[in-house]
Each structure stands twice: as C-alpha cells, then as structure tokens.
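Accompanying notes for the structure given below.
The values are calculated or read from the model by the stated rules, or taken from the named source; none is laboratory data. Everything numeric here is computed off the predicted structure, so don't read it as measured data. Quick reminder, even Gly has a Cβ in these numbers, built from the backbone with ideal geometry, and neighbours come from all protein chains shown.
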Amino acid sequence: MTKTLALWEKAKREGRKMAIVTAYDYPFARFADEAGLDAILIGDSLGMTVAGDADTLRVSLEQMEYHTSIVAKAVKHALVMADLPFGSFEESPQKAFSAAARLLKAGADIVKLEGGAPMVETVAFLAKRAIPVCAHIGLTPQHIRQLGGFKRQGKTQEAAQLILEDAIALAEAGARIVLMEAVPADLAREITQRLSIPTIGIGAGPHTDAQVLVMHDILGLNPDKAPGFAKRYLNGAELISTALTQYAADVRGGQFPG
C-alpha cells in the first residue's frame, strides 16, 4: 500500500508512529522501501553525506531534481519527500512554485522547505496550487550562517514561543507536515499536541508523530560526522573497509578471480 498523505494523517489520529530515512540513490531507496519505511526523504543533506561539503548550501535544484528522480524509481510504497534547496524558493512564492513543481515532476509526493514565519505566505501559495508542503522549523541548516552553527533552538521560553507560533502559522497556511529539528522535547510534544497535522522530529525527543534520520548515520557510514542524537544500527564503515581490503588482497595474491 502506498503511504499517502491521507494515510499519514490517519496514523496521527490513531497514534501510530511513522519512520523516515533519507536516501539519495536507487539502491538505498529500494532497501528503505522494501524495509517498510513510511517515507523516504531526498534531503539536501546529500551535500554533506554524499558530496563531503561542510553544510548544505551548495546543493542545487538540478542536483535535487536528479536525486529525486532516481530515488522515485525505486520506491513503490513509501511517501517520497524532497528538499527545496537553498536559493530555490526564498525569493518569492512564484519562484518556490516553479522549483517545487520540478521536484514533483521528478517523482516527489511532497516538498520540504525550511523557515518559519517568513515562509507562511509561500506555504499558502503552494498549498493553493496543489503542492503539498512539509515545513521545517527549529534548527534550519540552510540558515547556518545566520544561526552561527548547528546549534539547538528554542532553549529559552521566548525562543520556544516563537517556534510554536511558527508551527501553528505554517499549519494554518496549509502545510501538510511540520518537521522540527534540534528543539527541546517538551516543545516538540506541545507542538505535536497542538497541530492536527503530523509532525516529524530529528533530535527533538520522542513525542513527535514520526522520526527521521540520515541513512548514513543509521548505517555508520560517516561515523565521524554523525550528530549526537543519531543512533547507529550498523558499523557500515568498518564492514565496507574490511570487504574492500580483502578484495584488494585477493587480487594482489592471485585468489581473485579464482
């Protein structure tokens, strides 16, 4: 069964948690879909996990379009979510629509954009024009220069209130999902309780309707870059290194091809 937005909304009403993972290519997207993940996010995090950048700011719309297209080919059941990258949507609602339409044509079911109150008008514009939107608040990596680093948000009462107001305004504007990153668990719980739409958490405690992690963090592929809230389920870096070392030894020792 394809996990549509209607099924996501039903899961929230019934109190069923949803699991999301990032994927950037066909093989990993296929693994995630066959494992039963509820959504697959083509994140602009690919700039850091795949391209080796220090942040997400260099990722282009063309790159997101390409990775969305190859992930979508592999997915039969999960909801496909794609990030609008930095510079592709902030200038105007019209520019955001153009960028979002390209990602939907590439295979996305919903687009994700970063930002609070300044994006309310854009979310409303997209929602009225058949573009489903996931709003991303809290720590917004595209604003890293302004924030001064990858820092937790909403730590003071005033800052938490602003994030709560952002969430409510974005939901009222027509966002279908709200994602909260690196905010206090109590704040994430309050927002989840206040909103009728599903919420996603990453580093935001256990009370959101869904959780998302980066595939590379789950599999231990970039252990030196994983955030503190991530949980590693596999020592992928060690397994891959061992396999490649053994292959090279077999070639040099004449054991491969046998």
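Overview of results
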quantity: Residue ID - nearest to G116 (Cα to Cα), chosen from residues in segment 157-197 that are in a loop (DSSP other than H, G, I, E, B) and aliphatic (A, V, I, L, M); calculated: A175
quantity: Condition met for D224 (out of contact with any Leu (no Cβ under 8 Å at 6 or more places or on another chain), acidic (D, E), at negative phi and modelled with pLDDT of 95 or more); calculated: no
quantity: Check on D209, in contact (Cβ under 8 Å) with a residue 40 or more places away in the chain and in contact with a Pro (Cβ under 9 Å, 6 or more places away or on another chain); calculated: yes
quantity: Check on G154, surrounded by 14 or more Cβ atoms within 10 Å (Cβ to Cβ), out of contact with any His (no Cβ under 9 Å at 6 or more places or on another chain), outside any helix (DSSP H, G or I) and on the phi > 0 side of the Ramachandran plot; calculated: yes
quantity: Total residues in segment 16-59, condition closer than 13 Å to I200 by Cα and exposed (fewer than 15 other Cβ atoms within 10 Å of the Cβ); calculated: 2
quantity: Filter result for P141 (surrounded by 15 or more Cβ atoms within 10 Å (Cβ to Cβ) and either at pLDDT below 95 or in contact with a Ser or Thr (Cβ under 8 Å, 6 or more places away or on another chain) (or both)); calculated: yes
